[in-house]
Amino acid sequence: MEMIADILLAAGALGAGFYCFVLSRRLTRFTDLEKGVGGAVAVLSAQVDDLTRTLEAAQQAAGKSGETLSDLTTRGEQVSHRLELLIASLHDLPEVAGDPGKGAGTSATAKAKLPEPEAETGYAEPVFLRHSRSGAA
């Protein structure tokens, strides 16, 4: 009986050893850096690093674009104010007699013939300089 117990004990030990050997090989393949989960973790880690660098570059580009957009908006507002002032000043100019298409004003007061300022005061009004369209744009 002792002999049967020893044989069964040895068979159990050999079975456990074989199971440990198979488990060891499976764990080695599982954590292999090229094919197993270790490789997948290494690839994912590299992708996370790439995405982090890309995100930082995108944030910097967005910051620069935001600054540029802010500058352009400010410049546009300044140009808008200048245009409003120019349009408002054009309403004060009289139309040229005989050539209504060249006059700047469209209101009823601008259409009426205004007296010549130099006849009353002895000096001429400043003339708004116009750029010709023949020059480079």
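Other residues whose C-beta falls under 14 angstrom from the C-beta of ASP71 contribute a net charge of 0, scoring Lys and Arg +1 and Asp and Glu -1.
For segment 23-71, the convex hull drawn through the C-alpha positions has a volume of 43 cubic angstrom per residue. Applying both filters, DSSP loop and at most 15 other Cβ atoms within 10 Å, to the trypsin sites (Lys or Arg not before Pro) of segment 1-65 gives LYS35.
Working value for segment 1-88: equivalent-ellipsoid semi-axes of 78, 10, 6 Å, each the square root of 5 times a Cα gyration tensor eigenvalue, largest first.
No lab work stands behind these numbers, since they all come straight from the coordinates. Note that the coordinates shown come from a computational prediction; the quantities given were computed from them, not determined experimentally. Note that we place each Cβ from the backbone using ideal geometry, even for glycine, and neighbour counts take in every protein chain shown.
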